[in-house]
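The values are calculated or read from the model by the stated rules, or taken from the named source; none is laboratory data. Remember, it's a predicted structure, so these values are computed and weren't measured experimentally. Using ideal geometry, Cβ is built from the backbone for each residue, glycine included, and neighbour counts are taken over all protein chains shown.
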Amino acid sequence: MKDIKQTKWARHLVAATLLAMVASVVTPALAQSAKGPITEAEVLAAEASWGAGLVDIGKVYTSGGDFKAAASSFIDAHYAFQDGTVLFKPTKAAVDEFREDKDQALSYFVGGMEAEDHGFAINPWSNVRFDNKGMYIDGDSAVAMGNYFFTDAKTGKDVKVDFTMGFKRAPSDGHLELFLQHSSLPYEAKH
C-alpha cells in the first residue's frame, strides 16, 4: 500500500515539475509577445479609450456620481504617472501650464488644486474624435499628432484642439499609456 501512495505522489510530483518547467518557458514568451512592437491599431485604440474615458467622467459628474474617483481611475489607466515621468501640457492651462504629477492632472480634469482649473472633463463632453495628421512608431514607443474634436454635451458644438501624444507600454500588463501629451487651441491670427 505504501508503494502505491508513493507512486501516486511521485506521479503528481513529476507532473507538477513538468508543468512548472513548461510555464517557465511559455510564460515569458507569451509576455514578450504581448509586449512586442507597438502597432498603429494599438495607438488608435488607446486614443479611442482616452476619449471615451474623458466622456465617461462627464457622465458620472452629470449623474451626481463620484466623478473624482472616475477621473482618478481614468488617469491611472491612461497616464504613466505611476511608472515615471509624464510630460503633460493641458489645453486650458495658462498659469500652471505643465502638470508634473497625478494630483495636478486630477486638478486639471475635475478642478481643485489649481485656481485656474475648472474641470476640463466635467465640461461635460459627449464625444471626442481624433484626426491624426501623423504617427511615428519606434518599437516600444509611439507618438501621434493631429487634432481632436471635443463635442460639448450642452451645445453639440465641436471644439478643435491640437494634440501630440506619446505612448509607451505599461510595465504591468503591456497596455499603452501616455508619457507625453501636449494639447493646445489652434493659433488665431489677429487682423
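Okay, residues lined up against (1) out of contact with any strand residue (DSSP E or B) (no Cβ under 7 Å at 6 or more places or on another chain); (2) assigned to a strand (DSSP E or B); (3) in the same structural domain as Leu54 (by TED's automatic domain parsing); (4) in contact (Cβ under 8 Å) with a residue 40 or more places away in the chain:
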residue	(1), (2), (3), (4)
Phe130	no, yes, yes, yes
Met135	no, yes, yes, yes
Ala142	no, yes, yes, yes
Thr151	no, yes, yes, no
Thr155	yes, no, yes, no
Lys168	no, yes, yes, yes
Ala189	yes, no, no, no
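In the stretch 36-67, of all residues being of a type in the set (S, T, N, Q) and assigned to a helix (DSSP H, G or I), the one that is nearest to Ser141 (Cα to Cα) corresponds to Ser49.
Hey, could you check the stretch 59-98 for residues that are in contact with a strand residue (DSSP E or B) (Cβ under 8 Å, 6 or more places away or on another chain) and free of Cβ contacts under 8 Å to residues at least 12 places away in the same chain and say which is farthest from Met165 (Cα to Cα)? Out of the qualifying residues, it is Glu97.
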